[in-house]
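Below is one structure, written out as structure tokens; comments come after it.
The values are calculated or read from the model by the stated rules, or taken from the named source; none is laboratory data. In this text, all values refer to a predicted model and were calculated from it rather than measured experimentally. Heads up, the Cβs are rebuilt from the backbone with ideal geometry, glycines too, and the neighbour counts pull from every protein chain shown. For accessibility, only protein heavy atoms count, side chains too; no ligands or nucleic acids. Shrake-Rupley method; radii C 1.70, N 1.55, O 1.52, S 1.80 Å.
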Amino acid sequence: MGSQTVNEVDAVVLGAGFAGLYMLHQLRSNGFSTIVYEAGDGVGGVWYWNRYPGARCDIESIYYNYTFSKELYEEWTWTSRFPEQEEILRYLNYVTDRFQLRESIQFNTRVHAAHFDEEQNKWLIHLNDGQQILTKYFITGIGCLSAANIPNIQGLQQFHGKWYHTGHWPHENVNFKGKRVGIIGTGSSGIQAIPVIAKEAAHLTVFQRTPQYTIPARNHPYDNDFIKETKQNFETLKHAMRNSVSGTPFAQNQQSAMEDSDDRRLEVFEEAWAQGGFAFSVTYHDLLTNEQSNEQAAEFIRSKIRQTVKDPIVAERLCPTYMYGTKRQVLDSDYFETYNRDNVLLVDVKASPIQRITETGIQTSDDQYDLDIIIFATGYDGMTGPLFKIDIRGRGGVTLKEKWENGASVQTYLGLTTAGFPNLFMITGPESPSVLVNMPVAIEQHVEWIAQCINYLREHDIEIMEPFEEAEIAWSKHCREIANETLYVKGDSWYTGANIEGKPRSFLIYLGGFDYYTKRCNEVAQNHYEGFKLM
Ligand code: N01
């Protein structure tokens, strides 16, 4: 579509990542004129933006891909267990070309506002270049983690060196050779980047606020026989993933960690540790519901840190004390080992907080650290952040931010729709299973449901749909009730919004299981979209 002005389309989709690409494919296949707006100059979404050293997915590649096309699954061959950013980006470009999607994507274009016009029953979409586009269906595929959090640390503008956020990494190579690098943040991004940068930089200072429970990924190349067998089992695999709790074909042990003897539990943890990946998190069913079980997992990981890190003071600093898993589980490659290197220094910024950034580096309450490069691996304003960055207004000109009281009272129906915002669909929206499910599988389920729903509206001559308020009140209550039975809500993480200063605390992920969620969405559709006003 290039830079051509579009006056009206059936559907506008935001974002050309896993979600936007498949949504486009579905809508176009069903005969709806559709345009995707993408802020970047290429497809890929999160995999387009996150080009930091060491960036790779921590879901196994044979599961972290589309399953809607058997041919596509057979055509593409992943090279290793945990795919690198560059390989996933190549895959998404392949998909884009394979299904001729590029022609319907307008790149370098941000949507800054979307207002529902009650007279026309259409959305008026405002683009950053001043263009306006009218559309019947407005669908967001902007991910849960696309609004970068760059902490407001005094003095950043005065810094003479270079600085980067992991989620806005430059396309050109960043050269660390001979450089003194500082990295703030030890979440998934920081923990992937630290071992890689440490090998290249002259010196690396890690500014850690909260240590992490991280588990070895144990990445390895795939062998041809394994790939062949996986492709042959495509239908079984697809069925297993789409009917699972987490979007991956892993069964959770149904036992409590407290039911096993100390020796047996140790064996179970050791086996999972050796296996790597997310095996550890499914060793027992109650690691995130029973504090005693949780502590067993936590202490096991602490023991591994103490065994790995040679300096006992550094090892203690790296030992987390919060409940295991209440921040997202991290997988690493040689993370703790990196602290045995002579050129790596760990600074505990909880004990001595960062006070400001100076012309030459970072000053904490204890010391000044001279740096050439500062990396912010400081995460995202998750879930609501990407949606609130856009001025989305529904009926009566009410913004989504106002309706949801800045995040304090988010209410959705199925995590897909919200009352007062007709024909707005949010792929992996707040209160859907989203980030606690294998994302491509969660995305496919959402996209297929939305596409089927839009077909239904066309077939039945229905102009607009939006949920009844009672339906979304019930859904939100259901989400909160399940979450409150878990330890997740007790953690300070981006899951709860605790990572963003002033953000209302709220857990916005549906924890009832992807299988149950899918069943519920299907029931709603089969019952002629019960819970929705169809007009
Ligand atoms: O962000 P995070 P992330 N001063 O929020 C620290 C996905 N992901 O980009 O814990 C000092 O997890 C903060 O400290 P604290 C994945 O879902 C996946 O790493 O708030 N420190 C924390 O250590 C992941 O969970 C993959 O005390 C500050 C860190 O910054 C999500 O993205 C790879 C600070 C932020 O950690 C986000 O991960 C990468 C401050 N002012 C990401 N502000 C894979 O698939 C924040 N911090 C592998």
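Numbers at a glance
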| item | result |
| --- | --- |
| Rounded to the nearest 10 Å², the accessible area of residue 68 at probe 1.4 Å | 50 Å² |
| Packing rank of 516-528, 281-293, 429-441, where each peptide gets the mean count of other beta carbons within 10 Å, highest leading | 429-441, 281-293, 516-528 |
| Dimensionless Rg ratio for the chain, taking C-alpha atoms and the 2.2 N^0.38 Å reference | 0.97 |
| All aspartates and glutamates inside 16 Å of residue 477 as judged from Cα atoms, apart from same-chain residues fewer than 8 positions distant | 431, 469, 485 |
| Estimated [θ] at 222 nm from DSSP helical runs (n ≥ 4, -39500 (n - 2.57)) normalised by residues in the chain, nearest 500 | -9500 deg cm²/dmol |
| Reach of residue 389 by Cα under 23 Å, taken over lysines that are not fewer than 8 positions away in the same chain | 122, 136, 401, 403, 503 |
| Region 86-109-region 275-315 distance, computed between alpha-carbon centres (Å) | 39 Å |
| Accessible surface ranking that places the most exposed of 494, 273, 404 first, with a 1.4 angstrom probe | 494, 273, 404 |
| Cα-Cα separations in region 156-259 greater than 19 Å, expressed as whole percent | 67 percent |
| At 1.002 mPa s and 20 °C, Stokes diffusion of region 377-535 via Kirkwood alpha-carbon radius, µm² per second | 133 µm²/s |
| Straight-distance crosslink candidates among aspartates and glutamates, where the alpha carbon sits under 18 Å from residue 179 and sequence neighbours closer than 8 are dropped | 200, 342, 359, 370, 372 |
| Extended-chain gain in nm, criterion 0.36 nm per residue less alpha-carbon gap, residue 501 and residue 108 | 138.5 nm |
| Accessible-area composition of the chain, carbon plus sulfur, in percent [1.4 Å probe] | 46 percent |
| Accessible surface, per residue, of the chain when the full set of protein chains is kept, probe 1.4 Å, Å² | 41 Å² |
| Region 7-61 and region 142-178: distance between their alpha carbon centers, rounded to Å | 23 Å |
| Size of charge dipole - the chain - debye, nearest 20, with Cβ of Lys, Arg +1 and Asp, Glu -1, no other charges | 780 debye |
